[in-house]
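Worksheet: the structure to be examined is printed underneath.
The values are calculated or read from the model by the stated rules, or taken from the named source; none is laboratory data. No experiment lies behind these values; they were computed from the predicted model shown. Virtual Cβ from ideal backbone geometry, glycine too; neighbours counted across all protein chains shown. In case anyone asks, the SASA skips ligands and DNA or RNA and just uses the protein heavy atoms, side chains included. Shrake-Rupley method; radii C 1.70, N 1.55, O 1.52, S 1.80 Å.
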2 protein chains.
Amino acid sequence: MQASHSDPIHLSFNELRDLLASIFERHGTSAQVAATLADNCAAAQRDGSDSHGVFRIPGYLSSLGSGWVNGRAEPKVEDVAPSFVRVDAGGGFAQPALAAARELLLAKVRESGIALLAIRNSHHFAALWPDVEPFAREGLVALSFVNSMTSVVPHGGHSALFGTNPIAFAAPRGQGDPLVFDLATSAIANGDVQIAAREGKQLPEGFGVDAQGQPTRDPKAILDGGALLPFGGYKGSALSMMVELLAAALTGGNFSFEFDWSGHPGAQTPWTGQLLILIDPDRGASRSFAERCETLIARMAEAGQDRQPGDRRYRQRARAEVEGIALPAGELAKLRALAGL
Amino acid sequence: MQASHSDPIHLSFNELRDLLASIFERHGTSAQVAATLADNCAAAQRDGSDSHGVFRIPGYLSSLGSGWVNGRAEPKVEDVAPSFVRVDAGGGFAQPALAAARELLLAKVRESGIALLAIRNSHHFAALWPDVEPFAREGLVALSFVNSMTSVVPHGGHSALFGTNPIAFAAPRGQGDPLVFDLATSAIANGDVQIAAREGKQLPEGFGVDAQGQPTRDPKAILDGGALLPFGGYKGSALSMMVELLAAALTGGNFSFEFDWSGHPGAQTPWTGQLLILIDPDRGASRSFAERCETLIARMAEAGQDRQPGDRRYRQRARAEVEGIALPAGELAKLRALAGL
């Protein structure tokens, strides 16, 4: 009996991670970079962050194949001050740069109470929450900003300039998994506009403008020379500007509008920068930050917010731990082929 | 010839500041607290931040008169780690607590690259931008969070929990005044709802809910047991939650819903906490952060955003420097009476 092309096959996290690592390594990354990206991508797939799971593999491979991103870059960690670490990612991915600085950064935040990591010359093509969640599991508060590539029009403007520029935050809880959010400062993700265009659907108002800078609900008009709008009007726009300043101007990375990948057909990964701030809440005057976090969440539930940031991912994760990570058989076959299996 | 009650009278900044300081001192603050609050309040009036200018004086005095806030509190600065400063504001105002920690905080950020100030047991009744702008004038990047008092319903909820919880950011520019924003994480300020109610106007959609947690455009229904909505849906709500965690849970201050002022009729100032993060951008890998800031602003202008955050305040400030700060004669007379003049 043969499985149909669309029947789901269930993999363990380790199986999926190892498969993805083989794919990355076969397409030009070092073993270490492959391990880091595979872990990140498998975690997104496991947690139901579909737009940042195996869906991203073709983009990664296309960028690697174009010579635009260096899959073998060795991040250079620079210890510049008691609470300030810089990394030159060497034109490689941001996640290995973060991994390379991690121990130094943890030592600094434990010693100083707060520490900053400034990554530049880096490509971030993943979700941002996997960068912050692990620090909350160490009892730290983490805040990260990454700029991306021009797709968002500044408030009141007519043409795209900012990236979707997400902000991610993680905090330890008294019980259970950390409180984590990861939010784009655009009103909608690029991928969701593409899906709406494919399905012939109109978008809600306030999500984008056309090539003339006029508001439109037509996803095709947004994609065809138009732009996304920031979330929440001028406020989201100000936050997106802040992300450009923190992730690029401060780190020494490119703004979302500065890189030119026209010489690398197939390039898809934005070449920018990333900022990460870690805080040790045990230095604060609360008896237990994590317990205070529980108090807030309990009151949020009483006020009627029954789902907290990160909850959906944790539910998916728990399910995947029992059932495995479901992939359509055809999808898995494609991945295995990319791994040369 | 006598000036009519509504004719504007123009005061210099120093004249207004000194008048306000006399009022504060006469109503129970120490000279130092009076000087700090007067400077802050006069600056808001000068810059056209009308809702945080002399408009706030009755609220300050009412809170002082109720015994709810301690106008003579001596902030206790705690040097807890190489990059972490705490202040117990002693039930007084947040601005004198910030002033007391300022020199230590500046020394730490210069040494460490980043530094954190955690203020607790404090009342913040002012705009947040005056807390961050001065640091950008020293070449630093500043980010601050303050929680306030229950008025905002969490996303998907039915009753108020969060404060209007503003976030303020300041960064130095290559030319001219710093880039500064100060944005409430609520869709609208409480004061603007009160004004709409007084004028009998309907609000746009998405600004508030009634006492049953149902969306309403009626400002009276919002004020009468209803609540404000966060800006930008679930994203603004997540940011408001983050402000509660940073400004209260981390500092050791009260959440916006925790304090009970019912024993102090007339109390108006929220008794919470405030977090401030300073970053020295010279530790980053940009040759000049301030010049990079100029590059971004120039491109924002090209993309059609012709007004940058803070611009309106600076224009008002420049005008006030030439013409003085205009106050209706009746308003000035009231202030002079409060000062016992």
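In table form, for the structure just shown:
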{"quantity": "Every residue from segment A:203-235 that is over 15 Å from A:Ala189 (Cα atoms), in a loop (DSSP other than H, G, I, E, B) and free of Cβ contacts under 8 Å to residues at least 40 places away in the same chain", "calculated": "A:Asp210, A:Ala211, A:Gln214, A:Asp224, A:Gly225"}
{"quantity": "Pairs, first more than 15 Å from B:Phe169 (Cβ to Cβ) in segment B:304-318, second β-branched (Val, Ile, Thr) and modelled with pLDDT of 90 or more, C-beta under 8 Å, six or more apart", "calculated": "B:Gly304/A:Val153"}
{"quantity": "Tabulated pairs, segment B:237-250, first without any contact (Cβ under 8 Å) to a residue 40 or more places away in the chain and at the interface with another protein chain (Cβ under 7 Å from one of its Cβ atoms), second open to solvent by 10 Å² or more (accessible area, probe 1.4 Å) and among the hydroxyl-bearing types (Ser, Thr, Tyr), C-beta under 9 angstrom, 6+ apart or interchain", "calculated": "B:Ala249/A:Ser286; B:Ala249/A:Thr295"}
{"quantity": "Residues within segment A:131-159 that are outside any loop (DSSP other than H, G, I, E, B), surrounded by fewer than 24 Cβ atoms within 10 Å (Cβ to Cβ) and away from chain B (no Cβ under 12 Å), tallied", "calculated": "3"}
{"quantity": "Matching residues, segment B:173-187, being crowded, with 21+ Cβ neighbours inside 10 Å and in a loop (DSSP other than H, G, I, E, B)", "calculated": "B:Pro178, B:Ala184, B:Thr185, B:Ala187"}
{"quantity": "Number of the condition not met by B:Gly324 [criteria: (1) out of contact with any strand residue (DSSP E or B) (no Cβ under 7 Å at 6 or more places or on another chain); (2) of a type outside the set (A, V, I, L, M); (3) outside the structural domain of B:Ala142 (by TED's automatic domain parsing); (4) open to solvent by less than 30 Å² (accessible area, probe 1.4 Å)]", "calculated": "(1)"}
{"quantity": "Flag for B:Glu103 being out of contact with any helix residue (DSSP H, G or I) (no Cβ under 9 Å at 6 or more places or on another chain) and without any contact (Cβ under 8 Å) to a residue 60 or more places away in the chain", "calculated": "yes"}
{"quantity": "Output for segment A:80-115, where each listed residue is farther than 17 Å from A:Thr29 by Cβ, open to solvent by 20 Å² or more (accessible area, probe 1.4 Å) and not in a helix (DSSP H, G or I)", "calculated": "A:Val80, A:Pro82, A:Arg86, A:Asp88"}
{"quantity": "Verdict on A:Asp192 being under 12 Å from A:Thr164 (Cβ atoms), more than 8 Å from chain B (Cβ to nearest Cβ) and modelled with pLDDT under 95", "calculated": "yes"}
{"quantity": "Residue match in segment B:300-318 (condition: in a helix (DSSP H, G or I), within 14 Å of chain A (Cβ to nearest Cβ), in contact with a Pro (Cβ under 9 Å, 6 or more places away or on another chain) and crowded, with 17+ Cβ neighbours inside 10 Å)", "calculated": "yes"}
{"quantity": "Residue match in segment A:273-281 (condition: more than 9 Å from chain B (Cβ to nearest Cβ) and on the phi > 0 side of the Ramachandran plot)", "calculated": "no"}
{"quantity": "Residue list for segment B:35-78, filter: free of Cβ contacts under 8 Å to residues at least 24 places away in the same chain, part of a loop (DSSP other than H, G, I, E, B) and open to solvent by less than 20 Å² (accessible area, probe 1.4 Å)", "calculated": "B:Gly53"}
{"quantity": "Residues satisfying the stated conditions in segment A:203-249, i.e. touching a Leu at 6+ places or on another chain (Cβ under 9 Å) and open to solvent by 20 Å² or more (accessible area, probe 1.4 Å)", "calculated": "A:Gly206, A:Phe207, A:Pro215, A:Thr216, A:Arg217, A:Asp218, A:Gly232, A:Tyr234"}
{"quantity": "Near pairs, Cβ below 6 angstrom, 6+ apart or cross-chain, from segment B:280-295 (of a type in the set (A, V, I, L, M, F, W, C)) to any residue that is open to solvent by 20 Å² or more (accessible area, probe 1.4 Å)", "calculated": "B:Ala285/A:Arg86; B:Ala285/A:Arg120; B:Ala285/A:Gly252; B:Ala290/B:Arg173; B:Ala290/B:Gly174; B:Cys293/B:Arg173"}
{"quantity": "A:Ala118 assigned to a strand (DSSP E or B), open to solvent by less than 10 Å² (accessible area, probe 1.4 Å) and within 10 Å of chain B (Cβ to nearest Cβ)", "calculated": "yes"}
